[in-house]
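To start, the structure itself, in structure tokens.
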């Protein structure tokens, strides 16, 4: 099973703590052996993981999922 097309937006100065949706949903999925895929590596569709195609700078959502994937590689 795989969970697809989920993500979130962050408000200015919002922090992602242990109780934040991103951490809660990933913990839930991984705790049940469910694979996941974040949505969307695009600056125009939402919730965007990129700010623009020119800079490829990640949004807060994009940075969160980048770190979540890197943690899986390090495990």
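Read the figures in this text as sums done on the coordinates, not as results from a lab. This structure is a prediction, so every number in the text was calculated from the model and none was measured. Here the Cβ positions follow ideal geometry from the backbone for every residue, glycine too, while neighbour counts run over all protein chains shown.
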Problem set entry | Condition met for residue 54 (touching a residue at least 40 places away in the same chain (Cβ under 8 Å) and either assigned to a loop (DSSP other than H, G, I, E, B) or in contact with a strand residue (DSSP E or B) (Cβ under 6 Å, 6 or more places away or on another chain) (or both)) | no
Exercise. Condition test on residue 42, is it without any contact (Cβ under 8 Å) to a residue 40 or more places away in the chain, in a loop (DSSP other than H, G, I, E, B) and surrounded by 11 or more Cβ atoms within 10 Å (Cβ to Cβ)?
Worked result: yes
Exercise. Checking residue 8 against (1) under 11 Å from the mean Cα position of the chain (by Cα); (2) outside any loop (DSSP other than H, G, I, E, B); (3) surrounded by 15 or more Cβ atoms within 10 Å (Cβ to Cβ), which single condition isn't satisfied?
Worked result: (2)
